[in-house]
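Undergrad: Structure in structure tokens, see below.
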Amino acid sequence: MLELPTPDPRQSHRLRLNTLINLRWLAIVGQSVAVLVVAYHFNFPLPVGICFALIAGSAWLNLFLAFRHPATHRLRPFAAIGIMVFDALQLAGLLYLTGGLTNPFSLLMTVPVVVSATSLPLRMTIVLGALSLGLATLLAFFHLPLPWYSGTELPMPPVYVAGIWIAVVSSITFTGIYAWRVAEEARLLADALAATELVLQREQHLSALDGLAAAAAHELGTPLATIALVAKEMERALSGDERYAEDVRLLRSQSERCREILKRLTSLSSENEVHMAQLPFTSLIEEVIAPHRDFGVTIRLEPGTAKGAEPIGRRNPGVIYGLGNLIENAVDFAREQVTVRWSWDHDRVLLDIFDDGRGFPPEIIDRIGEPYVSRRPGADSGGGLGLGLFIAKTLLERSGATLRFRNAMEHGKGAVVEVAWPRDAFRDPGLLQQMLADRG
């Protein structure tokens with residue numbers, strides 16, 4: 001099986017600077033409008049100068065970052081968390097001046113945590129969340145009065161302030177965890193799809209090598225024919241000279257050998273083209289199983305019911321890789337034997353893969369085929385059940401197959417992977433493309 005490079009998680013945690021700058025400009029506009037409306041429309045007493053000093057600090061940081069780095073610059077995680085810490089402190093300062101947690105805008109303290117959860121590592125999000133919770137707790141006890149009509153105050157009962165604190169804490173915790181989970185799933189899916197595309201590119205590259213070899217053989221044929229002709233003439237001219245006769249014969253024999261090699265290379269492309277154009281289903285199974293026979297696990301083949309002619313389709317590198325991955329996982333987790341059973345009729349082509357291991361754990365069986373890294377218990381030597389099965393499932397579904405993962409409860413042990421294709425997938429590739437389009 002091809003060994004895939006592990007995606008670099010640091011790249012997926014790099015937030016684009018322009019994103020933070022745009023979000024901060026939006027916050028600056030909102031904060032400025034709120035201060036102006038409260039101070040000059042409602043005429044509430046408010047330390048406008050200090051509020052605008054904090055807003056100006058945020059604007060100055062925006063301008064500094066915009067001139068210091070290009071818009072496409074991606075921040076390192078520590079730089080991004082530093083900027084978000086500044087945002088949390090700046091917002092806490094404004095809330096301190098305008099009533100603390102009694103201010104209706106106190107729920108905005110969740111914003112830096114949500115942004116961090118979607119783009120930064122989990123540990124940094126936890127640190128920022130803890131800081132925001134600490135600031136919310138301080139604002140519950142220490143703050144200037146809530147701006148209200150001149151000459152009056154709007155006292156808030158402690159129970160109300162406690163309720164606001166609980167709401168802020170709950171919002172930070174829930175939205176942070178939710179945003180992190182959604183973003184992490186998106187990153188895992190993107191990395192898995194990138195790895196899937198890499199598998200297809202490598203397989204297609206290997207399939208094209210025979211064509212390149214044939215092209216090279218064709219280009220080398222003419223100069224080699226000239227060399228062979230000259231060697232033949234030299235042998236005829238120097239046949240009576242014992243000093244050169246042996247060398248000339250060797251030169252001619254080696255040129256003939258080169259011609260034979262190029263002849264085989266020239267025929268390689270046409271032979272493989274026929275092989276790829278028409279690959280019987282049983283030959284496909286044998287090609288997939290062959291690399292996994294010598295790993296101490298018996299692979300048992302069980303032909304099933306065959307109704308109609310044997311399915312014949314094109315040699316699909318994606319299908320071969322996907323089935324090979326399923327066989328590899330079965331061999332990794334089997335104790336002694338893996339069973340491959342197949343059958344076909346006029347409507348479907350079926351392939352079942354059984355192993356005699358401990359089966360899939362109940363807690364992950366519903367998530368098999370998603371890009372998550374998990375392991376079957378009791379199989380230290382086995383590989384992970386995550387990205388590899390996701391790639392296999394994706395490649396096989398592209399060929400029109402449907403997959404089902406279950407445990408062989410009727411036999412009391414082992415895992416089962418069921419792969420089913422519609423018979424049309426082996427009759428006409430055009431029908432398959434139409435079927436996939438209808439399914440999408």
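Undergrad: For LEU262, state whether it is modelled with pLDDT under 85 and within 16 Å of TRP344 (Cα to Cα).
TA: Numbers: modelled with pLDDT under 85: yes; within 16 Å of TRP344 (Cα to Cα): no.
So LEU262 does not fit the description; no.
Undergrad: If you don't mind, another one. Taking the condition in contact with a Leu (Cβ under 7 Å, 6 or more places away or on another chain) and either over 19 Å from LEU396 (Cα atoms) or basic (Lys, Arg) (or both), does ARG300 pass? Lay out the reasoning, then the answer.
TA: Numbers: in contact with a Leu (Cβ under 7 Å, 6 or more places away or on another chain): no; either over 19 Å from LEU396 (Cα atoms) or basic (Lys, Arg) (or both): yes.
Judged against the criteria, ARG300 is not a match.
Undergrad: Something else: Within segment 20-57, can you find the residues that are among the polar types (S, T, N, Q), in contact (Cβ under 8 Å) with a residue 40 or more places away in the chain and open to solvent by less than 80 Å² (accessible area, probe 1.4 Å)?
TA: In the first step, residues of segment 20-57 are kept if they are among the polar types (S, T, N, Q); the result is 22, 31-32, 43.
Narrowing further to those that are in contact (Cβ under 8 Å) with a residue 40 or more places away in the chain: 31, 43.
Selection gives GLN31 alone.
Undergrad: THR72 fails exactly one of the following numbered conditions: (1) farther than 19 Å from VAL113 by Cβ; (2) open to solvent by 30 Å² or more (accessible area, probe 1.4 Å); (3) in contact (Cβ under 8 Å) with a residue 24 or more places away in the chain; (4) part of a helix (DSSP H, G or I). What is the number of that condition?
TA: The number of the failed condition is (4).
Undergrad: Of all residues in segment 302-342, how many are at negative phi and more than 33 Å from the chain's Cα centre (by Cα)?
TA: From segment 302-342, those at negative phi are 302-307, 309-342; that's our starting set.
Now narrow it down to the ones that are more than 33 Å from the chain's Cα centre (by Cα): 302-307, 309-310.
Residues that pass the stated criteria total 8.
Undergrad: Restricting attention to segment 318-337, does a residue exist that is touching a residue at least 12 places away in the same chain (Cβ under 8 Å) and part of a strand (DSSP E or B)? Quick ask: steps written out before the conclusion?
TA: Taking segment 318-337 first, the residues touching a residue at least 12 places away in the same chain (Cβ under 8 Å) are 318-337.
Adding the requirement that they be part of a strand (DSSP E or B) leaves 337.
The answer is yes, given that some residue of segment 318-337 is touching a residue at least 12 places away in the same chain (Cβ under 8 Å) and part of a strand (DSSP E or B).
Undergrad: Right, another one. Restricting to segment 166-192, give me the number of residues that are open to solvent by less than 50 Å² (accessible area, probe 1.4 Å), more than 30 Å from THR137 (Cβ to Cβ) and aliphatic (A, V, I, L, M).
TA: Total satisfying the criteria: 1.
Undergrad: Still on this model: Test ILE368 against the criterion of being at pLDDT below 85 and of a type in the set (A, V, I, L, M, F, W, C), and give yes or no. Quick ask: steps written out before the conclusion?
TA: Details: at pLDDT below 85: yes; of a type in the set (A, V, I, L, M, F, W, C): yes.
Yes, satisfied.
Undergrad: Let me ask something else. Within the set of pairs 6+ apart or on separate chains, which have a first residue in segment 160-187 that is among the β-branched types (Val, Ile, Thr), a second that is open to solvent by 80 Å² or more (accessible area, probe 1.4 Å) and assigned to a helix (DSSP H, G or I), and C-beta atoms under 7 Å apart?
TA: Every condition considered, the pairs that remain are VAL168/LEU107.
Undergrad: Next question, about the same structure. If we keep just the residues of segment 290-309 that are outside any strand (DSSP E or B) and under 26 Å from HIS346 (Cβ atoms), which is least open to solvent (accessible area, probe 1.4 Å)? If you could, list the steps in order and put the result at the bottom.
TA: Of segment 290-309, the ones outside any strand (DSSP E or B) are 290-297, 307-309.
Applying the additional criterion that residues be under 26 Å from HIS346 (Cβ atoms) yields 307-309.
On the way: LYS307: 112, GLY308: 47, ALA309: 71 Å².
My answer is GLY308.
Undergrad: PHE281: farther than 21 Å from ARG406 by Cα, hydrophobic (A, V, I, L, M, F, W, C) and touching a residue at least 24 places away in the same chain (Cβ under 8 Å), yes or no?
TA: Values: farther than 21 Å from ARG406 by Cα: yes; hydrophobic (A, V, I, L, M, F, W, C): yes; touching a residue at least 24 places away in the same chain (Cβ under 8 Å): yes.
Yes.
Undergrad: Within segment 58-69, how many residues turn out to be part of a helix (DSSP H, G or I) and open to solvent by less than 60 Å² (accessible area, probe 1.4 Å)? Talk me through it step by step, then tell me what you get.
TA: Quick first cut of segment 58-69, residues part of a helix (DSSP H, G or I) only: 58-68.
Keeping just the survivors that are open to solvent by less than 60 Å² (accessible area, probe 1.4 Å) gives 58-59, 61-62, 65-66.
Here the count works out to 6.
Undergrad: Just one of the numbered conditions (1) farther than 19 Å from ASP424 by Cα; (2) touching a Ser or Thr at 6+ places or on another chain (Cβ under 6 Å) is not true of ALA330; which one?
TA: All conditions pass for ALA330, except number (2).
Undergrad: Write out, first by first residue and then by second, each pair whose Cβ atoms fall under 6 Å of each other, whose residues are 6+ apart or on separate chains, and whose first residue, in segment 220-248, is open to solvent by 80 Å² or more (accessible area, probe 1.4 Å) while the second is modelled with pLDDT under 75 and not in a helix (DSSP H, G or I).
TA: Pairs that qualify, where the first residue is open to solvent by 80 Å² or more (accessible area, probe 1.4 Å) and the partner is modelled with pLDDT under 75 and not in a helix (DSSP H, G or I), are TYR244/LEU238.
The values are calculated or read from the model by the stated rules, or taken from the named source; none is laboratory data. A quick note: this is a predicted structure, and the numbers were derived from the prediction, not measured. Cβ sites come from the backbone with ideal geometry, for glycine too, and all protein chains shown count toward neighbours. Heads up: the accessible areas ignore ligands, DNA and RNA and are worked out on the full protein's heavy atoms, side chains in. Shrake-Rupley method; radii C 1.70, N 1.55, O 1.52, S 1.80 Å.
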